[in-house]
Amino acid sequence: MKIELANRIRELPPYLFARIDALKNEERKKGKDLIDLGIGDPDLPTPPHIVAALAEAARDPGTHRYPSYVGMEDFRKAAAGFMKTRFGLSFDPQKEVICVIGSKEAIAHFPFAFVNPGDVVLCPDPGYPVYATLTRFAGGEPYFLPLRRESGFLPDLDAIPADVARRAKILWINYPNNPTAALAVPGFYEKVVAFAQKNDVIVASDLAYSEMYYEAPPPSFLETPGAREVGIEFHSLSKTYNMTGWRVGWACGNATLVGGLGQVKTNVDSGAFDAVQRAAIAALTGDQAPVARQREIYRERRDVLCGGLAKAGFDVLTPKASFYTLVANPKGLTSIEFASRLLTEAGVVATPATGFGAAGEGFVRLTVCADKARLAEAVDRMAKLKL
Ligand SMILES: Cc1ncc(COP(=O)(O)O)c(C=O)c1O
């Protein structure tokens, strides 16, 4: 029998990390000590009170059956409570909040509720790859909005051709941003709302990194006047509470948008494990001191990494939020070449920013998901390179 993959899989863009992955394996086989700053996955553990809540909930047979599609009412109330405390926004937990199995799941399913074949989805470049890939899976066409250093990695909405804007159904925004670590500047979200209202475009805001900041806490897009008519926002417990493996988050915003996502999910999954939701309630309603402590740890690490690299002469973009840092390629090197040389000559794993889109050319991305000693060692090794 001949087995053929569907076109949507065969037509996926080339996997740009393949070369780096292969090099990583080769270097590991040689026994090289690699410092992996390529991954965006917290190395610190989930706070103990959250683990304890999971353990207790998992022992309760009441959590062992199918969960509700939209999430436990108490979870949705806890998420609404977080939105109120952190952003001053009130949401109706019945209609305006839905539990999701990690924000990736919700981001992936969202286009299926609103995108028809031929519709355009406006995606940041560089950007989290799920926005564009799942647009394609849903039959839509991604239109990439370049994020440039000189514009603070914000898209130029005025540069979108009128016919593209007319066909656009969704605009994805993500601040604090992966991979650039940029923040939305005052006035940007107002422009987004005006663009959305003018062109009947849904705004999907990905706020996965809301609690990872080193200066003023980043706002929610939904705080912007008019945003709640046009927008939905995706939140995650993954990075805030070191729960990437637990798979839980929420989406909130306009009731029709939340409801549409819910209709897709009802047909695809059966909700997040109730015990995980109970642990998530403990996270959202419990002591937030661990989150603040973690910010301090990331800040210290950022200072070691960025301070050290700047001193060594690298053009490093010190982030005000997120755990990502862009480092500009030394002259004459592409992002893939720079990342390859960091790997083979310094044993430092970096991610070429081109893995997030062509406009990422010019940078590699490092994370601070390693302790200060390892980051200092990475800086030392990079400082010795002759690039
Ligand atoms: C920008 C962005 N959004 C969403 C996610 C998904 O996070 P999760 O599914 O763990 O909530 C990630 C994960 O790295 C991300 O970088």
Just a yes or no: is a residue in the range 278-295 closer than 24 Å to Tyr128 by Cβ and basic (Lys, Arg)?
yes
Within the range 83-110, tally of residues that are within 30 Å of Thr133 (Cα to Cα) and part of a helix (DSSP H, G or I)
9
Could you check the range 324-339 and list, in sequence order, the residues that are more than 11 Å from Gly38 (Cα to Cα) and open to solvent by less than 10 Å² (accessible area, probe 1.4 Å)?
Leu326, Val327, Ser335, Phe338
Filter the range 95-125 down to residues that are within 16 Å of the ligand (Cβ to nearest atom) and acidic (Asp, Glu), then give me how many there are.
2
Checking the conditions here, which among Asp380, Asp287 is surrounded by fewer than 15 Cβ atoms within 10 Å (Cβ to Cβ) and more than 23 Å from Pro45 (Cβ to Cβ)?
Asp380
Filter pass, Glu73 being surrounded by 11 or more Cβ atoms within 10 Å (Cβ to Cβ) and without any contact (Cβ under 8 Å) to a residue 24 or more places away in the chain:
yes
For the range 199-310, which helices (runs of 4 or more DSSP H) that fit wholly inside it have 2 or more residues that are small (Gly, Ala, Ser), under 20 Å from the mean Cα position of the chain (by Cα) and closer than 29 Å to Ala57 by Cβ?
274-285
Are there any pairs, at least 6 apart or on different chains, whose C-beta atoms fall under 9 Å, with the first in the range 231-260 and on the phi > 0 side of the Ramachandran plot and the second among the small types (Gly, Ala, Ser) and away from the ligand (no atom under 14 Å from the Cβ), and if so, which?
Gly253/Ala227; Gly253/Gly231
Would a scan of the range 51-66 turn up a residue that is within 16 Å of the ligand (Cβ to nearest atom), touching a residue at least 60 places away in the same chain (Cβ under 8 Å) and under 23 Å from Ser210 (Cβ atoms)?
no
Members of the range 348-369 that are open to solvent by 10 Å² or more (accessible area, probe 1.4 Å) and either part of a helix (DSSP H, G or I) or over 14 Å from Ala181 (Cβ atoms) (or both)
Thr354, Gly355, Phe356, Gly357, Ala358, Ala359, Glu361, Gly362
Determine whether the range 14-35 contains at least one residue that is open to solvent by 90 Å² or more (accessible area, probe 1.4 Å), under 26 Å from Phe323 (Cβ atoms), at pLDDT below 95 and not in a helix (DSSP H, G or I).
yes
Could you tell me whether any residue of the range 300-317 is open to solvent by less than 40 Å² (accessible area, probe 1.4 Å), closer than 20 Å to Val70 by Cβ and of a type outside the set (Lys, Arg)?
no
The one condition Pro176 fails out of (1) of a type outside the set (A, V, I, L, M, F, W, C); (2) surrounded by 19 or more Cβ atoms within 10 Å (Cβ to Cβ); (3) in a helix (DSSP H, G or I) is (3)
From Ser238, Ser220, residue being within 10 Å of the ligand (Cβ to nearest atom) and surrounded by 21 or more Cβ atoms within 10 Å (Cβ to Cβ):
Ser238
Tell me, please, whether a residue that is within 29 Å of Gly360 (Cα to Cα), touching a helix residue (DSSP H, G or I) at 6+ places or on another chain (Cβ under 8 Å) and surrounded by 12 or more Cβ atoms within 10 Å (Cβ to Cβ) can be found in the range 44-67.
yes
Residue pairs meeting the criteria (Cβ under 8 Å; at least 6 apart or on separate chains; first touching a residue at least 24 places away in the same chain (Cβ under 8 Å) and of a type in the set (Gly, Ala, Ser), in the range 164-182; second away from the ligand (no atom under 11 Å from the Cβ) and in a strand (DSSP E or B)):
Ala168/Val120; Ala168/Val121; Ala168/Leu122; Ala168/Tyr143; Ala181/Leu317; Ala181/Ala321; Ala181/Thr325; Ala181/Leu326
Listed by first then second residue, the pairs whose first member lies in the range 126-145 and is modelled with pLDDT under 95, whose partner is within 16 Å of the ligand (Cβ to nearest atom) and of a type in the set (Val, Ile, Thr), with beta carbons under 7 Å and at least 6 positions apart or on separate chains, are none
Given the criterion of a type in the set (Asp, Glu), open to solvent by less than 40 Å² (accessible area, probe 1.4 Å) and touching a strand residue (DSSP E or B) at 6+ places or on another chain (Cβ under 9 Å), identify the matching residue among Glu211, Glu233.
Glu233
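The values are calculated or read from the model by the stated rules, or taken from the named source; none is laboratory data. Because the structure is a prediction, the values reported are computed rather than measured. Using ideal geometry, Cβ is built from the backbone for each residue, glycine included, and neighbour counts are taken over all protein chains shown. Note: areas computed on protein heavy atoms with side chains; ligands, DNA, RNA excluded. Shrake-Rupley method; radii C 1.70, N 1.55, O 1.52, S 1.80 Å.
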